[in-house]
Amino acid sequence: MTAALPEYYFRVRENGAAVFRVDTENRQRRIEMDQIAVLNVRNGEIKPQGDRVLSEEDMRVIREWMDQRRAVLSRRDMDDIHRAVDHMNLTTQWAQSKATPEQLDEITDTLLLAMHDLRSVLVRKKADRLSKGGT
């Protein structure tokens, strides 16, 4: 374990985080965490906790964390999409080689609708990109 703790701690929440200032410089030498803000990663909103006024350093650290968090979430989104492609391929193999007629009856319509919806969105988005001169 490292000797020095970070000055801030971010407790991840559904759309952001609760931000705490970490304090170990007290008489009991205990770790105390004082919540200073709540933030929303999606819309960039930073709400100080209570009547607190955030310092420039607080805001700098929070914004830096938000940028890093957005990058992590973006990488996870792309990883999820690549996994979805793998699952589609595995589903194709399953349907071709292992699925029983009863299993296929259970999922065929739902899967076809989901695939049609995805295809429609992908085709429309690609047409939009091509019409704007994109790739």
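With axes computed from alpha carbons, what is the tilt in degrees of helix 56-97 against the longest principal axis of the chain, rounded to the nearest 10 within 0 to 90? Helix 56-97 and the main axis of the chain meet at about 20 degrees. Using only Cα atoms and rounding to the nearest 10 degrees, what angle (0 to 90) does helix 101-131 make with the longest principal axis of the chain? That helix lies at roughly 70 degrees to the long axis. Taking 0.36 nm per residue of sequence separation and removing the Cα-Cα distance, the ASN26/ARG63 pair yields an extension gain of 10.6 nm.
With a Förster radius of 22 Å, plug the Cβ-Cβ distance of ASP77 and LEU130 into 1/(1 + (r/R0)^6) and report the FRET value to the nearest 0.05. All intermediate terms of the calculation are to be shown ahead of the outcome.
Details: r = 23 Å, r/R0 = 1.06.
Using R0 = 22 Å, I get an efficiency of 0.40.
Suppose R0 equals 41 Å; then what is the FRET efficiency for LEU5 and ALA84 from their Cβ-Cβ distance, rounded to the nearest 0.05? Here the calculated transfer efficiency is 0.60.
Neighbour counts of other C-beta atoms within 10 Å: give me MET59, MET78, MET66 arranged from fewest to most.
Working: MET59 13, MET78 9, MET66 19.
Listed from fewest to most nearby Cβ atoms, that is MET78, MET59, MET66.
Think of it as helices only: each DSSP H run of n ≥ 4 in the chain is worth -39500 (n - 2.57), and spread over all residues that comes to -20000 deg cm²/dmol at 222 nm.
Backbone amide hydrogens, once placed in the peptide plane, bring GLU7 within less than 5 Å of nothing, excluding anything fewer than 5 places away on its chain.
Let's see if you can work this out: charge +1 on each Lys and Arg Cβ, -1 on each Asp and Glu Cβ, no other charges. What is the dipole magnitude of the chain about its Cα centre, in debye to the nearest 20?
Working: 23 positive and 23 negative charges, 81 e Å.
Roughly 380 debye, rounded to the nearest 20.
Can you give the net charge of the other residues whose Cβ lies under 15 Å from the Cβ of LEU112, counting K and R as +1 and D and E as -1? Charge balance near LEU112 sits at -3.
Fully extending the segment from ARG119 to MET33, taken as 0.36 nm per residue of separation minus the present Cα-Cα distance, adds 26.1 nm.
Quick note: the coordinates plus some simple rules give every number you see, no bench work behind them. Model, not experiment: these values are computed from the prediction. Backbone-built Cβ (ideal geometry, glycine too); neighbour counts: all protein chains shown.
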